[in-house]
1. Going through region 63-96, which trypsin sites (Lys or Arg not before Pro) have at most 11 other Cβ atoms within 10 Å and a DSSP loop state?
2. Within 10 Å, Cβ to Cβ, of Phe86, how many net charges do the neighbouring residues add up to if Lys/Arg are +1 and Asp/Glu are -1?
3. Per residue of region 63-76, what does 6.51 cos²θ - 1.76 cosθ + 1.60 with θ = phi - 60° give for ³J(HN,Hα)? Whole Hz please, x for Gly and Pro, Karplus curve as stated.
4. Too long at a 19 Å Cα-Cα cut-off: which of Lys108/Lys156; Lys45/Lys165; Lys59/Lys141?
Amino acid sequence: MLFVTKLASVIAVAAVVAPLALSTAPLNAAGGDAVIKARIDLMRKDVLSNWKPIKAYAKSGKGTPADVSRHAKALGSAAKKIPALFPKGTGRGDYPDKVTRALPEIWKDWKGFEKATQGLVDQSAKLAKIADGGDKDAIVKQIGMTGKIGCGGCHKPFRGAKVKK
C-alpha cells in the first residue's frame with residue numbers, strides 16, 4: 001500500500017510538472033535566441049550608430065555640437081532599454097561564447113549591471129547638455145567620460161571577449 005501511495009504521488013507531481021517544463025522549454029530557448037538578437041541589434045543600430053558620430057567629433061571634429069547632442073540623446077534613450085534585454089539565462093554558460101558576449105557576472109551582480117547601464121544614460125544626458133552649450137573642449141572631455149564610464153563601465157566587467165564565428 002505504501003508503494004502505491006508513493007507511486008501515486010510521483011505520478012501526480014509528474015503530471016503537473018512535466019507539461020509545464022515541456023511547454024516552457026521551447027519558449028525559453030526561442031525567447032533567448034530572440035532576445036540575444038534584439039540586444040545585438042540594439043547595440044549595433046541604436047548604441048554604436050549613435051556613438052560613431054560622437055566619437056568622430058572628438059577625434060576629427062566631424063559634425064557639430066548639435067549633432068553630438070542629438071546622438072547623445074538617442075544614445076541615452078537606447079541605454080535605458082539595455083537591462084530589459086538581458087533576462088537571466090541568456091548569457092555565456094547558457095549559450096555558446098560565439099552567440100553572446102554577455103558574461104555571467106551580469107546576473108551575479110545585477111545591481112552593478114543596472115548601475116553601469118544607468119551610467120551610460122547619465123553620461124549621455126550630461127554630454128547632450130554640454131554639447132548644447134557648444135564648448136568644443138568641454139564636449140570632447142565629456143565624450144571621453146561617456147566612453148569611459150558609460151561604455152567601459154559595462155563592457156569591462158560584463159562583456160566577454162569576441163570569439164570568431
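1. Answer in residue order: Lys88.
2. Counting the neighbours of Phe86, the net charge comes to +1.
3. Result, rounded to whole Hz: x, 10, x, 5, 5, 4, 4, 4, 5, 5, 5, 5, 4, x.
4. Cα-Cα > 19 Å for Lys45/Lys165; rest within.
Every number here is computed from the coordinates shown, using simple stated rules; none is lab data. Since the structure is predicted, the reported quantities are computational estimates derived from the model, not experimental observations. Cβ atoms come from the backbone with ideal geometry, glycine included; neighbour counts cover every protein chain shown.
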